[in-house]
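The block underneath contains the structure these notes are about, expressed in structure tokens.
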Amino acid sequence: MKKVVVVGCGNVGMAYINNLVNTNGLVNEITLIDINRDKILGEAMDLNHASVVFNTNIKIIAGEYKDCFNADIVVIAAGLNQEKGETRLHLIKRNKTIIETIVDEVMASGFNGIFLVATNPVDIMTYIVKEKSGLPVSKVIGTGTLLDTERLKYLLSQKIKINTENIHAYVVGEHGDSSFVVWSKSTVGMVPILNTVSVEDLDAIENEVRQLAYKIISYKDYTSYGVAMCMLKITKAILSDQNLVLNVSSYVDGIYIGMPSVIGKDGVKGTMKINFNEEETEKFEKSKKVIKDAINSLEE
């Protein structure tokens, strides 16, 4: 039996759960946990009725932390949202206590599965989960720059009129303003993207990727569908042991940071070693420093 527990059933959590319900056969049980007990009671009832439409035969329950003990994955989507005009880093101290409390409760159940963290700032929150849980670094994963990468592929596809499946480009680093695209290793098919798109257009696309979350928040106050689909992609890679390379927050040089990593049933099976050029190396070191400084600020 494959079981996923979702802690935090707000906009992101529920978008993810709805996606999970529609993946017939991937999971047998979904447990909802939220500070608002009435909400998850209603959500569980509603989702159980919806699952009948596609005969998914998934058990969906409003649960408690004790139900985490036999879960394959505990997804953390709880926490305060980014407000208009805020960066993700503004959320650090506000969400730290929430995440620490959740991890303590989950681990008290005897949980020994994989944590998937979506709460922002995701690199720092994933680090906190690792520290509090005591689990191996391979079993604590953040959503990282996966959504940034998917946004990048979308924008490139719109620009060059090529299907996203044939675009191989990655956003790495912090899931935030210091992220960057590894243009030196990016290709369309087997053709270097630098031979296909002008540097000026690539710079504009890279900047737009960084700004998209702010733009969506300015319109609808939060983001949800994109990150929820990325969470589902990571979940599938774990539960189906796909050995899929995804840009998640994985453990590198003592921190969690967005890097292409191999994801399978045991979590992160390995992180790719990218041969950055000189400019990219400088950007990567800067991004690591942003994360390290943020972690150090929590101890002040």
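Would you call L246 in contact with a helix residue (DSSP H, G or I) (Cβ under 9 Å, 6 or more places away or on another chain), under 20 Å from S157 (Cα atoms) and outside any strand (DSSP E or B)? Steps first, answer last, please.
On the way: in contact with a helix residue (DSSP H, G or I) (Cβ under 9 Å, 6 or more places away or on another chain): yes; under 20 Å from S157 (Cα atoms): yes; outside any strand (DSSP E or B): no.
No: the conditions fail for L246.
Among the residues of the stretch 234-241, are any in a loop (DSSP other than H, G, I, E, B) and over 28 Å from I291 (Cβ atoms)?
Looking for residues that are in a loop (DSSP other than H, G, I, E, B) and over 28 Å from I291 (Cβ atoms), one finds at least one in the stretch 234-241, hence yes.
Considering the stretch 22-36 alone, what residues qualify as being at negative phi and part of a loop (DSSP other than H, G, I, E, B)?
N22, T23, N24, L26, V27, N28, D34, I35, N36 - these are the residues of the stretch 22-36 that are at negative phi and part of a loop (DSSP other than H, G, I, E, B).
Exactly one of these conditions fails for I274: (1) outside any strand (DSSP E or B); (2) closer than 19 Å to L116 by Cα; (3) among the β-branched types (V, I, T). Give me its number.
Only one criterion in (1) outside any strand (DSSP E or B); (2) closer than 19 Å to L116 by Cα; (3) among the β-branched types (V, I, T) is unmet by I274, namely (2).
Would you say L212 is in contact with a Cys (Cβ under 9 Å, 6 or more places away or on another chain) and surrounded by 14 or more Cβ atoms within 10 Å (Cβ to Cβ)?
No, not satisfied.
Quickly run through the stretch 86-127 and pick out the residues that are buried (at least 22 other Cβ atoms within 10 Å of the Cβ), in contact (Cβ under 8 Å) with a residue 60 or more places away in the chain, in contact with a helix residue (DSSP H, G or I) (Cβ under 7 Å, 6 or more places away or on another chain) and within 19 Å of G254 (Cβ to Cβ).
Residues satisfying the conditions are V117, P121, D123, I124, Y127.
Residue by residue through the stretch 264-276, note down the ones that are loosely packed, with under 13 Cβ neighbours inside 10 Å and either under 21 Å from D203 (Cα atoms) or not charged (D, E, K, R) (or both).
Selection gives N275 alone.
Every number in this text was worked out from the coordinates using simple rules, so none of it is lab data. Everything numeric here is computed off the predicted structure, so don't read it as measured data. Because the Cβ atoms are built from the backbone with ideal geometry, glycine has one as well, and the counts that use them run over all protein chains shown.
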